[in-house]
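Data block below; observations after.
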Number of protein chains: 2
Amino acid sequence: MNETFLKACRGEQTDYTPVWLMRQAGRYLPEYHTVRSKYTFLEMCKTPAAAAEVTIQPVDILGVDAAILFSDILVPLEKMGAPLEFHEKRGPVFPQPVRDRAAVAKLVVPDPELELPYVLDTIRLLRRELANKVPLIGFSGAPFTLATYLIEGGSSRQFLLTKQMMYTEPELYAALLDKITACTTLYLKAQVAAGAQALQIFDSWVGVLSPYDFSKFALPYVQRIIRELKEGGVTVPIIYFANNGATLLPQSLTSGADVLGLDWRIDMAEAVKVVGPKVALQGNLDPCALLLPPAKMEERISAILAGAKGARGHIFNLGHGILPEIPPAQAKFMVEAVHRLSRRG
Amino acid sequence: MNETFLKACRGEQTDYTPVWLMRQAGRYLPEYHTVRSKYTFLEMCKTPAAAAEVTIQPVDILGVDAAILFSDILVPLEKMGAPLEFHEKRGPVFPQPVRDRAAVAKLVVPDPELELPYVLDTIRLLRRELANKVPLIGFSGAPFTLATYLIEGGSSRQFLLTKQMMYTEPELYAALLDKITACTTLYLKAQVAAGAQALQIFDSWVGVLSPYDFSKFALPYVQRIIRELKEGGVTVPIIYFANNGATLLPQSLTSGADVLGLDWRIDMAEAVKVVGPKVALQGNLDPCALLLPPAKMEERISAILAGAKGARGHIFNLGHGILPEIPPAQAKFMVEAVHRLSRRG
C-alpha cells in the first residue's frame, strides 16, 4: 500500500509529501456528475456502490495519496431524530430545529451498525475495492459544527441562535452537545471497526468563536471524542480541522489529534512555530489558487512545502474544500506538483 | 468636547476607555426604523437631514463616545460609474460587474464635492448638530473590499471571480485597484475637509486572503491611501479595520494607520503582544455577546479591558457591526459597563 499519508500523519519520514483534497469526491469532476445524476444527494450517501464509486474517482483521476469516504457530516444527525433535507439552493435544512429542552430530550444516540449501515457498508466495500492502493479516511463533523445546524435549522452566517443558547441556556447547550458527542464517538469508532484507516473531524464553523468561547463551548467535546476513541483502542491517526481557526491553534494542540488541519489564512511557517514538534500539520493552499497558471501555482506550493519543513509531519491539502468551478486538470497538476517538488533524496 | 475617543486614538491617557459600536446607527434601534420607513436605503444615505438624524441617535440613546457618519461603503462606487442597487433580500447588487479592461477603463474618479455632495453636507450638518458633544468619524471601504463588490457584482462567499482576476490578470486587477484607491483617497480627504475628526477604513472581506495575497493585493493600496492622506496634511486619527484579519495583524501594522480594529476572533492580550506599542487597538467584543446576561457580559468586557492594558491606546468596540436582533437596552448596558469598569483614579 501507498503508506505515505499514514506515515506523515504519524510523523515518520516519507519519500515525498502526501496530498489529498478536501471534497475531492465532488462537483468539479464530470465523472461525479454522471453518478450523481442518478440519485438525490442523500440517496447517494446511502447507496454504498455509488458512494464508493465517487470516493475512488479522485484516486484514479488525480493520483492523490488517500481516499476519503463520500458522505456528509449531517448524515448521523438524521438518525439522532432530526429530519434532514437538502434543498438545491439553500443547502441542508433541518425543518425541526433543536432549540428547547423537549427537542434535546427527544434526540437519541443511534447505534451506527443498526442505523447507519450504509456508511459502514460503504467503508467495507471501499476497503475491498481500493485493495490497499491508498488508505481510506473516515470522518465526522465536530460537535459544535453539528450543533449549529440543529440549532439554526441549517446553514447560518452569524450563528446568533447557537450563541444565544450557549450564552443564555448553557445547561441546555451542554445537554445537546453531550448527545452529539456520544453519537459522534460511536460513529467514528464504528467507522474504524469497518475499516477506516484514519479519521478527520471537521469543525467547519468553529472559526466564528472567540478563543474564550472555543475553550468553553467547542474544544472540550472534541477532546472527549478523541480521548474516548484512543482509550477505546483506536490507533488510526486522527485529524482535527478547525476551519478559519488560526487564533484557535494553540488550544487545538490540546485536542488530542495527531494532525491539525489548517485553512489558508495562516502562513504554514507561522503555524509550525505555534504548534512545534507535537503534531503533524495538514494544508493549506487557498482553494482559489487552483486557478493560478502552473508556474505561479508551483510558487505557492513550494512556499507551503518550505514552510512545513520544521513540522512533525506534513500532509498537503487545500485550506478548504475544492470548488466546483475548478478544472480537474488544475487539481491534477497540483497533486503532481506537490509530489515532484517535495521528493527527497 | 468629549475628547476621550480622539485621545485614545492618539495614545494619550484618558479617564476611562471610550466606546462606540460599528453600525451603531442601525436596524436594532426602533428610532432608526422610524426614519428609515420614509426612504429607501440609498435615499437615506443621500439625504443629509435623515443621515444626520440616525447618526446622532446612538449618541443620545447609548451614550457612546463617538458618532460615525451614516452612509455605506459602496456609495462612492456609484459615482465611479457602477450603477448600484440595494435589494431587500440579496443586499447590494452591481448589475454591471467590472470584469474586463473595457469596464475598468470606463470607471472614473469622481470629485467628491461635485459628485458626492450629500455625504459632505451630512458631515457639515453633523458637526453643527453634534455641537462638539462627541467627535465625528468619517469612513470608506478599503480598496480590496470595494473591488470585490464590483468584480463579483455584489456580495460573495468564495470571492472566486476576484481571486481569478488577481491570479490570472494581475495588471487588470491593479488597474481597477488603482482607480478605487484614487477615488477613496479623494473621498476621505474631502470628508476631513468637511469636518470628519477621525477616519475608519473598513476592509470587511480581506479575511478571505492568505497573508501572502494580502501583502500583494490588498495592503499596498491601504498604505497608499494613508500615506497620501498624511502627506496631504490630514492629521485626524486613521483606523484600519481588517475584519477576520488575525493572521494579517503583523502586516497591518505597516498600513500607516494610528489604530487597528480587531474582530472578536483574536484575544485582545494576544493582539497587544503582536502589535506592541506602535498603534492603538479598537475592539473586540463578539457582537453576539450582547445577548449575555449582565454579569456575564461584564466578565467579557473586563477581560478585554484587562487584555488591552499594555496597548498604546484602546477604543472599546464590537468585533463587527451590531446585529439587528440586539435589544437596545443591552447595547446601552455595554456602553455603561465599559465606562464604569474602565474608570481610572
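Here, each number is a calculation from the coordinates, and none is a lab measurement. Model, not experiment: these values are computed from the prediction. All Cβ positions, even for glycine, are placed from backbone atoms using ideal geometry, and neighbour counts span all protein chains on display.
Laid out as a table, the results:
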read-out: Residues of the range A:249-281 satisfying the condition of being in a helix (DSSP H, G or I) and of a type outside the set (Val, Ile, Thr); value: A:Leu249, A:Pro250, A:Gln251, A:Ser252, A:Met268, A:Ala269, A:Glu270, A:Ala271, A:Lys273
read-out: Failed criterion for B:Arg343 (all others in (1) crowded, with 18+ Cβ neighbours inside 10 Å; (2) touching a Phe, Trp or Tyr at 6+ places or on another chain (Cβ under 8 Å); (3) not aliphatic (A, V, I, L, M) hold); value: (1)
read-out: Residue match in the range B:11-30 (condition: over 22 Å from B:Ala280 (Cα atoms) and acidic (Asp, Glu)); value: no
read-out: Any hit, the range A:205-228, residues being more than 22 Å from A:Leu253 (Cα to Cα) and either assigned to a helix (DSSP H, G or I) or among the aliphatic types (A, V, I, L, M) (or both); value: no
read-out: Candidate set: the range B:209-218, residues that are surrounded by 23 or more Cβ atoms within 10 Å (Cβ to Cβ) and in contact with a helix residue (DSSP H, G or I) (Cβ under 6 Å, 6 or more places away or on another chain); chosen: the one nearest to the other protein chains (Cβ to nearest Cβ); value: B:Phe214
read-out: Cross-chain or 6+ apart pairs with Cβ under 9 Å, the range A:216-240 first and without any contact (Cβ under 8 Å) to a residue 40 or more places away in the chain and within 28 Å of A:Lys163 (Cβ to Cβ), then surrounded by 18 or more Cβ atoms within 10 Å (Cβ to Cβ) and among the aromatic types (Phe, Trp, Tyr); value: A:Leu219/A:Phe144; A:Ile226/A:Tyr240
read-out: Yes/no for A:Leu253 being surrounded by fewer than 17 Cβ atoms within 10 Å (Cβ to Cβ) and either out of contact with any Gly (no Cβ under 6 Å at 6 or more places or on another chain) or among the basic types (Lys, Arg) (or both); value: yes
read-out: Every pair of residues 6+ apart whose Cβ atoms lie under 6 Å, when the first sits in the range B:28-53 and is buried (at least 21 other Cβ atoms within 10 Å of the Cβ) while the second is in a loop (DSSP other than H, G, I, E, B) and among the hydroxyl-bearing types (Ser, Thr, Tyr); value: B:Cys45/B:Ser71
read-out: Candidates A:Arg124, A:Arg99 - the one that is basic (Lys, Arg) and either surrounded by fewer than 18 Cβ atoms within 10 Å (Cβ to Cβ) or in a helix (DSSP H, G or I) (or both); value: A:Arg124
read-out: Selection count, the range B:120-150, where residues are under 30 Å from B:Met1 (Cα atoms) and in contact with a Phe, Trp or Tyr (Cβ under 8 Å, 6 or more places away or on another chain); value: 8
read-out: Test result for B:Leu176, in contact (Cβ under 8 Å) with a residue 60 or more places away in the chain, surrounded by fewer than 20 Cβ atoms within 10 Å (Cβ to Cβ) and in contact with a helix residue (DSSP H, G or I) (Cβ under 7 Å, 6 or more places away or on another chain); value: no
read-out: Residue within the range B:305-318 that is more than 11 Å from every other protein chain (Cβ to nearest Cβ), surrounded by fewer than 22 Cβ atoms within 10 Å (Cβ to Cβ) and within 26 Å of B:Leu29 (Cβ to Cβ) present; value: yes
read-out: Subset of the range A:282-304 (residues that are of a type in the set (S, T, N, Q), crowded, with 23+ Cβ neighbours inside 10 Å and outside any loop (DSSP other than H, G, I, E, B)); value: A:Gln282
